[in-house]
Amino acid sequence: MSTAAANAPDAAVRAARVTGVSKTFGATRALRDVHLDVAEGEVHALVGRNGAGKSTLVSILTGLQAPDTGTVELGGVPAPPLADREAWRQRVACVYQRLTVIDELSVAENLFVNRQAVDGGRMISWKRLQDKAAELLAEWQLDIDPATTARDLTIEQKQYVEIARALSFGARFVILDEPTARLDGTGVQRLFERVRALRSQGVTFLYISHHLQEIFELCESVTVFRDAQFVRSGRVDELSRTTLVEAMTGEKAAVRSDPRPPGPDRRATGGLQLDGLAGTAYDGIDLAVRPGEIVGLAGGGGSGKFEIAEAVCGLQTPRAGTITIDGNWLRPGSVPRAHRAGVGFVPKDRHQEGLVDGLTIGDNATMSVPHRLGSHGWVSPKRQAAYARGLIKRLDIVPANPDQAAGELSGGNQQKVVAARAIADDPKVLVLMAPTAGVDVRSKESLLATAVDATERGAAVLIVTDDLEDLRYCHRVSVVFRGRQVAQFEDQWDDRDIVAAMEGVELSDD
Ligand SMILES: Nc1ncnc2c1ncn2[C@@H]1O[C@H](COP(=O)(O)OP(=O)(O)OP(=O)(O)O)[C@@H](O)[C@H]1O
């Protein structure tokens, strides 16, 4: 195809066309007779609630799985046979949230890893590898030094390396699966500029995100899936946010009001207290969260917010300062000790610290509460199942089956199982790190409602986030920037002030 043809969105040419695709896993129908039509040269959003079937479609679109029925066309021709990986790589690539860049290798090596063809099948010359990489990065205007070790790149730069790698195989259709999940505000804006620039160079994108404002900012078209089925597709500028949410949930969108609980009793004492807490990424942190109160600890990437939260949960040992729970000093550096002191938490990385894939939803959700499920070390299966069902209902986990393996759940539902475990033991202090990352609009509400629930049961809740929606649930917000608390907000605030504080800038009054 000529570059000129690729540059102009052409209604006749399709980067991808999926027709009548169905896919079943055991008893789960992940996709039922869905279709998708992505025009060449556009950024096309794919949205849907957790478990709607988006990842399953991506695995089919990238040739990792075959559909049970239906057809896939890429660039106007039928998709290659599953075994022909090379042919797939030339047509389509997906940049996943969990990046595949190898930290130990240089950018150049990452770009051409396992590709002897670089030097006509002969031994790779390092000089040639560097030159080829520099050429590739320059062609796509990616300002990255090919000699850099990948470990020294930011998440954003690693994403660009993955995109460049896809383009170097010849693919002009790139799927971005929640690309902004680990970026801060300025990183998101830079990514958008990059995507727009690549689009003008003839690259087509399928863009998956739970952040609806991103869809309106970046994408031309959108396709909505719900419960494994196609619901609608259309131009983004012809859709309102409400219509989109309704298409995703199948319900009328609720009127948004102030979701905060009444707040702590003025005389309430106890809860969580941090005094002069200092660690590798933060210093001089003073913070109090009273029982019944929800406090936001906000900050962008590199602010130190997660490190502070991890100190409270026992995942990190601070260098100085104290953590007090209900008036008692907490000896830092041990998760079981923090748990015994009454701390429940959702870790920032559910894969590393959260979920045990091989166990069921029920086992994962109730593993911290054996004492509630039986006596003398014996767990009553009936009580466990009932307890798990209660948590599944509170968090709106799909499928609502405690016996389902957690590893088989969609990403967002795995996140909800981790949250279920955090609240299972009625913690005195609940710490939620990026709790709604990867979670759909409606599930965000149920997840944050559990924080409200916890305050009603007397918990002090700390929400650690850069998501303004999460902060709507907070009575107070403390913003950290480069490890220091730079601003405090009480009761009412303007979101722009919080964003400015997270970015380390001051807004002028005019
Ligand atoms: N390997 C598997 N085995 C069993 N069930 C699976 C498997 N992969 C996916 N499923 C099921 O298929 C359904 C669709 O999941 P999928 O991961 O495609 O959803 P999603 O739209 O990507 O959700 P999320 O936004 O949470 O990532 C879910 O019910 C999930 O449990």
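The values are calculated or read from the model by the stated rules, or taken from the named source; none is laboratory data. Because the structure is predicted, anything quoted here is derived from the model rather than measured. Quick reminder, even Gly has a Cβ in these numbers, built from the backbone with ideal geometry, and neighbours come from all protein chains shown. Just the protein is used for accessible areas: all its heavy atoms, side chains included, with ligands, DNA and RNA removed. Shrake-Rupley method; radii C 1.70, N 1.55, O 1.52, S 1.80 Å.
List of remarks:
- Whole-number D in µm² s⁻¹ for region 272-503, Kirkwood Cα-pair radius fed into Stokes-Einstein, 4 °C, 1.567 mPa s: 73
- Here the contact order of the chain, divided by its residue count and restricted to Cα pairs under 8 Å and six or more residues apart, works out to 15 percent.
- Relative contact order (%) - criterion: Cα under 8 Å, at least six apart; region: region 272-503: 28
- Packing rank of 366-376, 411-421, where each peptide gets the mean count of other beta carbons within 10 Å, highest leading: 411-421, 366-376
- Taking 7 Å steps out from each Cα toward its Cβ at D68 and A181 produces label points 2.6 nm apart.
- Once both labels are positioned 7 Å from their Cα atoms along Cα-to-Cβ, the gap between A197 and L82 label points is 3.9 nm.
- Low-density loop positions, GluC sites (Glu not before Pro), region 83-113 - DSSP coil, at most 10 other Cβ in 10 Å: E104
- Estimated FRET transfer efficiency when R0 is 45 angstrom, pair T322-W493 (beta carbons, to 0.05): 0.95
- Under 20 Å from K382, Cα to Cα: lysines that are on another chain or at least 8 residues apart: K393
- Principal-axis tilt of helix 411-424 within the chain, Cα atoms, nearest 10 degrees: 10
- Seen against the Cα atoms of the chain and their longest principal axis, helix 441-456 is set at about 10 degrees.
- Accessible area of region 272-503 belonging to carbon and sulfur atoms, whole % at 1.4 Å probe: 49
- Treating each Cα of region 178-231 as an identical point scatterer and summing with the Debye formula, the log10 of I(q)/I(0) at q = 0.24 Å⁻¹ comes to -1.03.
- Extending 7 Å from Cα along the Cβ direction at A147 and again at I102 yields two label points whose distance is 2.1 nm.
- Nearby lysines by direct alpha-carbon distance to K348 (threshold 18 angstrom, same-chain neighbours under 8 apart not counted): K305, K416, K444
- Beta-bridge orientation, region 272-503: approximately 50 percent antiparallel, per DSSP, counting only bridges with both partners inside.
- Computed on the Cα atoms alone, the convex hull of region 312-373 gives a volume of 95 cubic angstrom per residue.
- Alpha-carbon centroids, region 331-380 and region 394-426: separation in whole Å: 13
- Heavy-atom accessible surface of the chain, averaged per residue, reaches 45 Å², computed with a 1.4 Å probe.
- FRET E, pair R241, D275, Förster distance 35 Å, beta-carbon r, rounded to 0.05: 0.25
- log10 of Debye I(q)/I(0), alpha-carbon scatterers only, for the chain at 0.07, 0.10 Å⁻¹: -0.42, -0.86
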